[in-house]
Ligand SMILES: C[S@@+](CC[C@H](N)C(=O)[O-])C[C@H]1O[C@@H](n2cnc3c(N)ncnc32)[C@H](O)[C@@H]1O
């Protein structure tokens, strides 16, 4: 945990983070039928702030105290929670909306499903394993990247409203993303 915190603090200190909210959050937040949000690995809070400014109450969880310090005090409806998501547990049926952007921790998948209230919305987007490098794939790589169709299969108990796998929508990027939006049955 301590090493992860140092690594991410260092990244944030270098100013190496996006400030604009994610397109998928902007595009689908209107489908949430309530106002309580969990932002998993919120970073410096670009999405948490965007949501708070639209009337949501956000629990923003991240391991980087320096990223959360950038967020602290910027909106009274954001609660910054400095925690290691390797051990943090999501409370059951607490949230109308859960967002998980550019972060992967498979241990949390069942907890995300449990953590949504009935009728709750999940917005999940993170990196897919790079194409054509199967011989080089290591277990460590697997920790950071989704496999093809993995996100879809992991959340099939939701009503899937949107699913896409493909290149990041940024001309300078070679990264590929998997994106999912789903609703829990009410
Ligand atoms: C690529 S950033 C994405 C941040 C944010 N979701 C966004 O889209 O701007 C990944 C985030 O995961 C956090 N993180 C990495 N490992 C973590 C862990 N074990 N527990 C909690 N947060 C973690 C990092 O501090 C970092 O803020």
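A short reminder: the numbers here are calculations on the coordinates, not readings from a lab. The model shown is predicted, which means the values in this text are computed figures rather than measured ones. Note: ideal-geometry Cβ built from the backbone for every residue, glycine included; neighbour counts use all protein chains shown.
Structure notes:
- Overall form of the range 15-132 per C-alpha gyration tensor (a/c, 1.5; a/b vs b/c): rounded
- Sorted fewest first by neighbouring Cβ atoms within 10 angstrom, 164, 153 come out as 153, 164.
- Taking label positions 7 Å along the Cα-Cβ direction at both residue 175 and residue 84, the computed distance is 2.4 nm, reported to one decimal.
- Between residue 4 and residue 36, residue separation times 0.36 nm minus the direct Cα-Cα distance comes to 8.7 nm.
- If you take the Cα centroid of the range 1-31 and the Cα centroid of the range 99-119, the two points sit 17 Å apart.
- Rounded to the nearest 5, the antiparallel percentage of DSSP beta bridges internal to the chain is 40%.
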